[in-house]
Amino acid sequence: MKQEAKMVLELKNISKSFPGVKALDHVSFSVREGTVHVLAGENGAGKSTLIKIINGLYVADEGDLFLNGKKITVHNPRYMNSIGVATIHQELSPVLDLTIAENIFLGRAPLSKIGTVQWKKMYAQAQKLIDDFGFHYDAKRTMRSLTVSDMQIIEIIKAISVNAKVIIMDEPTSSITESEVEVLHDKIRMLKRQGISFIYISHKLDEIGQIGDEVTILRDGRTISSHRVGEITTDQIIAKMVGREMSNVYPPKHPKIGDTILEVKNLTREGVFKDVSFRLRAGEILGMSGLVGAGRTEVARAIFGLDHFQSGEIYLKGQKVTVKNVPDALKAGIIYLSEDRKGEGLVLCRSIGENIALANLKHFSRGFILNRRLEDKETSEMAKKLTVKAPSIKTSAGSLSGGNQQKVVIAKWLLQNPTVFIMDEPTRGIDVGAKYEIYKIMCDLAEQGAGVIMISSELPEIIGVCDRTLVMAEGRVTGEVEGDDLTQERIMSFAIGGGQS
Amino acid sequence: MGNGKKGNISIAEFYSKFGIVLIFVILFVVMSIINHNFISGVNLRNVVRQVVVITILACGEQLMLISGMVDLSPGRVLAFAGTLSAYCMLKTGNLFLALIVGLACGLLFGVINGALITAFDIPPFIATLASMQMADGAIMAFTGGQNYSNLPASFNFLGQGYIGFIPFPVIIMIIVLIITYIILAWTPIGRALYAIGGNQAAALASGIRVKKAKFFACAFGGVCTGLAGILLMARMSSGQPAAGEGMEMDAITAVIVGGTSMSGGVGNILNTIVGSLIIGIIKNFMNLQNINSSFQDIVLGILICVAVIIDVQVRKANTK
């Protein structure tokens, strides 16, 4: 690490208020040349606001920004981009049907004298950028054919092509696999050596050790402290983030395991998954591990009636059940929490209360009429029980933070009193404090005798929460790990598909 | 985190709650000052009578738009249903039968729309465009373009009668409004329609029977159209195949001006009433000022643009 590297970007006493909230309160930190500076903090700590100030979307009420020692006086995204500050957002928005080259040069394609696009020149330049980056894609491929992690790499290439000095990455690894994370980190290290600096936001705290050089912790809009990575432990970081000692990241396990409540036999969907069989017992938290694309989500969706399957049987408490659609699954007591919170979990433009009630309308109606008093009562009780932070249940779901949105979706399902609760990546993009609460909910459900299945790509949480885990690879169950065998190495050996034992 | 939008959201929320009422009040006051005839009791009663047909159609469109659909067929289906009802009245002299035939005809087209949209996954725009063509063809084939006049007083009462000082069609309109309000605010199917319009995938994943709810919206729209057709013909004392053309646009305008989102999920019937009244007073005022109808269309066109621009801004402010 370059100890004496000069400061590229400095923030001094940045404050920003919105009506009713002080989002940032005298935040200061500095980014050295050629380093990765991690911003850690819970949702709501002010990271997003801070990023928007750095990339020019917001103007700070107070405080100054310096780039290479020069005070920045113009505040707009275009200007910040032109002086070398690039942002790669958490949710990428490439134009999927355009080529890689067109995406890299979007809005700034090389033009001829009469204003037409010089396609040849553009493709040649794009190909050179890609090749120089050590990446092997044809610039003429469409974005759609790439994986999410490849799209991220293209975003980085795009940033480099405009001579970015500081690249802000907001949760770049939230939806990519472990091996892809490795590739991304390698590229970041390569760029560091070229003197490019990164501001890196991640909820995966192990990443701080893997890629970070320095870390600044934010809480409630204030800088708590900045540290060199290596001089602070993950536990200390967590404690500073949440403002209290987190004795445990996971709730204690003491399962009271009962009889089999769900049995899946030879579930098959041509080309997606094949001969998937497993049992889930009452009081058990069963993990489903595997690489992204192993077919875990697809199996869960089939059990829940969202997707069809060709053959196989599902037994609930020994009784065979036919699940053709979601209402069938709900009737049987099977619940599936989608991995796509915004896409399939919530109706963002409707209120918290309506979202919670959505799966339970029959319960709230007498004949054709809704009993809105009962609805309000039960939904607000459930929201309170899960500590959804919002002014009221009339607040629109779209205005909540990720963790609170997830709690709303979970609240909707808990009202059903599920027998089997399948949770697909329930903690993705959620901060540490809220993660713990979600694990707690799973444990409570199990304790009450329900069976819980957690699909997760995060091995630590599988190991920390689950009693047993299935491992899938290429549409098949390749292994089952339990007890002392529950280790990252063991799970990965099955997940890569080799461990057919 | 949403901190940044707090200011915007309150403006957006303010508009979606009260903005439309405010606009109505301002228009009303300005019009009263400019033209004193506008505020007379007789004129205002005329305004309300004139918005009856549009408002009833708007009730149907409201369900369609909230669930992310749209119905382009009412303008022609209304003429078919109304004319058929008038024809039946002339032939049989049975008012009850005439009503049933008119409503059934509207329902039939609603069912056709619903089937095309839910069973065959045809986009609502295309499905209802097709059924509009079918209705247009059917009415010409049936009547040959001929009007049916000399309707009995009992039929005309539906469109022209009074109960006390309240026009009979206004009473019908109020009943339809109340039913629509109850469906949207107080029934599971109303909730389902909002959820489908807001995020169909989430509704499906929550166990909502999406197709059933959409089919219901289409069928309800069809019945509203049939009823509107009967009232329109009764007001004109004759079954006129050419009547009502383009009225679906006025109805859609009323719904959108009332703040219902074109993309679905947001909107309520109370604002739609105000939207409908705004269109009503603008048209009425322009008539009083002797502004010709071509200019009226231009003004209504501008009104749609303004309403949609506001809708887009509101949604921008509401989503991250």
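When you check B:Leu184 against the structure, is it farther than 30 Å from A:Gly305 by Cβ and assigned to a helix (DSSP H, G or I), yes or no?
no
Return the residues of region A:269-314 that are within 14 Å of another protein chain (Cβ to nearest Cβ) and within 25 Å of A:Gly483 (Cβ to Cβ); say none if nothing qualifies.
If the condition is that a residue be within 14 Å of another protein chain (Cβ to nearest Cβ) and within 25 Å of A:Gly483 (Cβ to Cβ), then A:Ala300 is the only one that fits.
Does A:Gly34 qualify as being buried (at least 19 other Cβ atoms within 10 Å of the Cβ), within 20 Å of A:Glu214 (Cα to Cα) and more than 13 Å from chain B (Cβ to nearest Cβ)?
So A:Gly34 passes the test.
Condition test on A:Ser289, is it modelled with pLDDT of 85 or more and among the hydroxyl-bearing types (Ser, Thr, Tyr)?
Taking the combined requirement at face value, the residue satisfies it.
Taking the condition modelled with pLDDT of 90 or more, of a type in the set (Asp, Glu) and surrounded by 22 or more Cβ atoms within 10 Å (Cβ to Cβ), does A:Glu425 pass?
For A:Glu425, the condition - modelled with pLDDT of 90 or more, of a type in the set (Asp, Glu) and surrounded by 22 or more Cβ atoms within 10 Å (Cβ to Cβ) - is met.
Considering region A:442-497 alone, what residues qualify as being over 24 Å from the mean Cα position of the chain (by Cα), farther than 21 Å from A:Val409 by Cα and among the acidic types (Asp, Glu)?
A:Glu480, A:Glu482, A:Asp484, A:Asp485, listed by residue number.
Return yes when A:Ala124 is touching a residue at least 24 places away in the same chain (Cβ under 8 Å) and farther than 25 Å from A:Leu459 by Cα and no when it is not.
no
Just for strands (runs of 3 or more DSSP E) wholly inside region A:1-113: which have at least 3 residues that are more than 24 Å from the chain's Cα centre (by Cα) and not hydrophobic (A, V, I, L, M, F, W, C)?
A:7-18, A:21-32, A:62-67
Quick one: which of B:Val306, B:Val266, B:Val312, B:Val299 is within 23 Å of B:Trp186 (Cα to Cα) and surrounded by fewer than 24 Cβ atoms within 10 Å (Cβ to Cβ)?
Going through B:Val306, B:Val266, B:Val312, B:Val299 in turn, the sole match is B:Val266.
Consider A:Lys12 carefully, then state whether it is over 28 Å from A:Met190 (Cα atoms) and free of Cβ contacts under 8 Å to residues at least 12 places away in the same chain.
Considered against the rule, which asks whether it is over 28 Å from A:Met190 (Cα atoms) and free of Cβ contacts under 8 Å to residues at least 12 places away in the same chain, A:Lys12 comes out as no.
Output the residues belonging to region A:345-401 that are in a helix (DSSP H, G or I), more than 11 Å from chain B (Cβ to nearest Cβ) and of a type in the set (A, V, I, L, M, F, W, C).
Selection gives A:Ile352, A:Leu374, A:Met382, A:Ala383.
Can you tell me which residue within region A:318-339, out of those that are closer than 22 Å to A:Glu458 by Cβ and facing chain B (nearest Cβ under 8 Å), is surrounded by the most Cβ atoms within 10 Å (Cβ to Cβ)?
A:Tyr336
Identify all residues within region A:363-404 that are surrounded by 19 or more Cβ atoms within 10 Å (Cβ to Cβ) and either aromatic (Phe, Trp, Tyr) or not assigned by TED's automatic domain parsing to the domain that holds A:Gly333 (or both); write none if there are none.
A:Phe364
If I go through region A:394-446 residue by residue, how many of them are touching a strand residue (DSSP E or B) at 6+ places or on another chain (Cβ under 8 Å), closer than 30 Å to A:Glu263 by Cα and hydroxyl-bearing (Ser, Thr, Tyr)?
1
Out of the residues in region B:29-73 that are in contact (Cβ under 8 Å) with a residue 40 or more places away in the chain and assigned to a loop (DSSP other than H, G, I, E, B), which is surrounded by the most Cβ atoms within 10 Å (Cβ to Cβ)?
The selected residue is B:Asp71.
Could you go through region B:163-178 and let me know if any residue there is assigned to a helix (DSSP H, G or I) and either within 14 Å of chain A (Cβ to nearest Cβ) or among the acidic types (Asp, Glu) (or both).
yes
Could you tell me which of the residues A:Val229, A:Val249, A:Val276, A:Val242 is at pLDDT 95 or above, surrounded by 15 or more Cβ atoms within 10 Å (Cβ to Cβ) and within 28 Å of the chain's Cα centre (by Cα)?
Selected residue: A:Val276, the only one of A:Val229, A:Val249, A:Val276, A:Val242 that is at pLDDT 95 or above, surrounded by 15 or more Cβ atoms within 10 Å (Cβ to Cβ) and within 28 Å of the chain's Cα centre (by Cα).
Does at least one position in region B:217-226 carry a residue that is in a loop (DSSP other than H, G, I, E, B) and within 14 Å of chain A (Cβ to nearest Cβ)?
no
Go through region A:442-492 and give me each residue that's modelled with pLDDT of 90 or more and among the basic types (Lys, Arg).
A:Arg468, A:Arg476
Since A:Gln406 meets every condition but one in (1) in a helix (DSSP H, G or I); (2) modelled with pLDDT under 90; (3) polar (S, T, N, Q), which condition does it not meet?
Tallying (1) in a helix (DSSP H, G or I); (2) modelled with pLDDT under 90; (3) polar (S, T, N, Q), A:Gln406 fails exactly one: (2).
Please list, ordered by first then second residue, the pairs with beta carbon atoms under 9 Å, 6 or more apart or interchain, first in region A:47-70 and away from chain B (no Cβ under 12 Å), second basic (Lys, Arg) and assigned to a loop (DSSP other than H, G, I, E, B).
Pairs that qualify, where the first residue is away from chain B (no Cβ under 12 Å) and the partner is basic (Lys, Arg) and assigned to a loop (DSSP other than H, G, I, E, B), are A:Leu67/A:Lys165; A:Asn68/A:Lys6; A:Asn68/A:Lys165; A:Gly69/A:Lys6.
Given the conditions (1) crowded, with 22+ Cβ neighbours inside 10 Å; (2) within 11 Å of chain B (Cβ to nearest Cβ); (3) polar (S, T, N, Q), report the number of the one that A:Thr469 does not fulfil.
Failing condition for A:Thr469: (2).
Any chance region B:199-216 includes a residue that's away from chain A (no Cβ under 14 Å) and out of contact with any Leu (no Cβ under 6 Å at 6 or more places or on another chain)?
Yes, because at least one residue in region B:199-216 is away from chain A (no Cβ under 14 Å) and out of contact with any Leu (no Cβ under 6 Å at 6 or more places or on another chain).
Do any helices (runs of 4 or more DSSP H) entirely within region A:412-501 hold 3 or more residues that are on the phi < 0 side of the Ramachandran plot and in contact with a helix residue (DSSP H, G or I) (Cβ under 6 Å, 6 or more places away or on another chain), and if so, which?
In region A:412-501, A:432-447 are the helices (runs of 4 or more DSSP H) which contain 3 or more residues that are on the phi < 0 side of the Ramachandran plot and in contact with a helix residue (DSSP H, G or I) (Cβ under 6 Å, 6 or more places away or on another chain).
Condition check ((1) modelled with pLDDT of 95 or more; (2) under 27 Å from B:Arg49 (Cβ atoms); (3) crowded, with 20+ Cβ neighbours inside 10 Å) across all residues:
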{"site": "B:Ile182", "(1), (2), (3)": "yes, yes, no"}
{"site": "B:Thr187", "(1), (2), (3)": "yes, no, no"}
{"site": "B:Gly190", "(1), (2), (3)": "yes, no, yes"}
{"site": "B:Ala195", "(1), (2), (3)": "yes, no, yes"}
{"site": "B:Lys211", "(1), (2), (3)": "yes, no, no"}
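Just to be sure I understand, how many residues within region B:166-178 are free of Cβ contacts under 8 Å to residues at least 12 places away in the same chain and either β-branched (Val, Ile, Thr) or farther than 15 Å from B:Val51 by Cβ (or both)?
5
Is it the case that some residue within region A:244-257 is outside any loop (DSSP other than H, G, I, E, B) and not acidic (Asp, Glu)?
Among the residues of region A:244-257, not one is outside any loop (DSSP other than H, G, I, E, B) and not acidic (Asp, Glu), which makes the answer no.
The values are calculated or read from the model by the stated rules, or taken from the named source; none is laboratory data. Only a predicted model underlies this, so the values are computations on that prediction, with no experimental measurement involved. Please note: Cβ atoms are built from the backbone with ideal geometry, for glycine as well, and neighbour counts cover all protein chains shown.
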